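Novice: Below is the structure I would like to discuss, written out as structure tokens.
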Amino acid sequence: MTQVTRIPCQLYLISPLDVGGDFPGQFVAALDAGPVAAFQFRVKGLDQHEAARLAEPLQAICAARDVAFIVNDDVALAKRLGADGVHLGQGDGDPKAARRELGPGAQIGITCHASRHLAMEAGEAGADYVAFGAFFPTTTKTVEHHADAEILEWWQSMFELPCVAIGGITAQNARELVDAGADFLAVSGGVWAHPDGPAAAVRAFTALLKDQPAG
């Protein structure tokens, strides 16, 4: 059987809910501290005009650094912004419909919690990646589903589609997820709430992710 060479695990930042104020400056510092593959714009309870106003400067920061800009949950906002993709929860729409709206080049990710069945369904529906979690306790959102590293090992043994690990991930606890086969570590509080600041957090993740065996 042909051995698939996997790209080393990469960092995928998720925004805090509040991206106003001095957040753009923190964001620049974080992205300039080490490699980041993607950024997910995740705000709640705003109308589309306000969300777009907040998103546009962050999208420009990403574009200048070749970081993929992904919109959480909102296909219409992703289309309005010309975002690189959208991340959908289980109740946030169908990936096939999102593909029709956003086009063949969009990155479409699907939250699959700790479900092998949901992940396989997402892959069959044309998702570009599946996200498993939460792996650790988190204060970013209410946790209803708990995953363990074994699901990452299973996914990597069966499928080539990239998988994202999410939920309470820090540079201190992420090693087992990297070793289990996560293609991306999706991190929010572990960066934005780091006691030494977001840039220090990204540097810590960079050090962790440099220490990976060849795929």
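Novice: Roughly how many percent of the accessible protein surface of the range 151-215 is carbon and sulfur, given a 1.4 Å probe and a whole-percent answer?
Specialist: 55 percent
Novice: Another question, if that's okay. Using 0.36 nm per residue, how much length does the chain from residue 206 to residue 150 gain when fully extended, once their Cα-Cα distance is taken away?
Specialist: Gain in length upon complete extension: 17.8 nm.
Novice: For the range 1-119, which whole percent of the accessible surface, found with a 1.4 angstrom probe, sits on carbon and sulfur atoms?
Specialist: Looking at the range 1-119 in its full context, I get 53 percent from C and S.
Novice: Stretch residue 37-residue 92 to full length: gain in nm at 0.36 nm per residue minus the Cα-Cα span?
Specialist: 17.5 nm
Novice: Compute the distance in nm between two label points, each set 7 Å from the Cα along the Cα-to-Cβ direction, one at residue 158 and one at residue 6.
Specialist: Result: 1.5 nm between the two label points.
Novice: Put +1 on the Cβ of each Lys and Arg and -1 on the Cβ of each Asp and Glu in the chain; which of 109, 75, 58 then has its Cα farthest toward the positive end of the dipole?
Specialist: So the residue furthest toward the plus end is 58.
Novice: Here is a further query. Can you give the helix-only mean residue ellipticity at 222 nm for the chain, where every DSSP H stretch with n ≥ 4 adds -39500 (n - 2.57) and the sum goes over all residues, rounded to the nearest 500 deg cm²/dmol?
Specialist: It comes out at -11000 deg cm²/dmol, rounded to the nearest 500.
Novice: Once Lys and Arg get +1 and Asp and Glu get -1 on their Cβ, which of 26, 191, 12 lies farthest toward the positive end of the dipole of the chain?
Specialist: Ranked along the dipole, the leading option is 26.
Novice: About the Cα centre of the chain, how large is the charge dipole given +1 on each Lys and Arg Cβ and -1 on each Asp and Glu Cβ? Please answer in debye to the nearest 20.
Specialist: 260 debye
Novice: Ignoring ligands, DNA and RNA, what accessible area per residue does the range 9-70 give at 1.4 Å, in Å²?
Specialist: 43 Å²
Novice: Right, here's the next one. Using only Cα atoms, what is the ratio of the radius of gyration of the chain to 2.2 N^0.38 Å?
Specialist: Normalised Cα radius of gyration, the chain: 0.96.
Novice: To continue, here is another question. Which value in nm describes the separation of the simple spin-label points at residue 100 and residue 79, placed 7 Å from the Cα toward the beta carbon?
Specialist: Simple spin-label model gives 1.0 nm for this pair.
Novice: Separate question: At 37 °C and a viscosity of 0.692 mPa s, what translational diffusion coefficient does Stokes-Einstein give for the range 88-215, taking Rh as the Kirkwood radius over Cα pairs? Give it in µm²/s as a whole number.
Specialist: Once the numbers are plugged in, D ends up at 215 µm²/s.
Novice: Send over a whole-number figure in Å² for the accessible area per residue of the range 73-215, probe 1.4 Å.
Specialist: Heavy-atom accessible area per residue stands at 47 Å².
Novice: Continuing with the same structure: Between exposed GluC sites (Glu not before Pro) in the chain, where DSSP calls loop and at most 12 other Cβ atoms lie within 10 Å, what's the longest gap?
Specialist: Result for the longest clean stretch: 1-143.
Novice: Could you compute the FRET efficiency for residue 175 and residue 47, with r as their C-beta to C-beta distance and R0 at 45 Å, rounded to 0.05?
Specialist: 0.65
Novice: Okay, moving on. Please say if the range 1-95 is rounded, prolate or oblate, where rounded means a/c under 1.5 for a ≥ b ≥ c the square roots of the C-alpha gyration tensor eigenvalues, and otherwise the choice is prolate for a/b larger than b/c and oblate otherwise?
Specialist: Oblate is the answer for the range 1-95, as a/c is 1.5 or above yet b/c matches or exceeds a/b.
Novice: Residue 139: accessible area at probe 1.4 Å, nearest 10 Å²?
Specialist: 140 Å²
The values are calculated or read from the model by the stated rules, or taken from the named source; none is laboratory data. Owing to the predicted nature of the structure, the values given are computational and were not obtained by experimental measurement. Cβ sites come from the backbone with ideal geometry, for glycine too, and all protein chains shown count toward neighbours. For accessibility, only protein heavy atoms count, side chains too; no ligands or nucleic acids. Shrake-Rupley method; radii C 1.70, N 1.55, O 1.52, S 1.80 Å.
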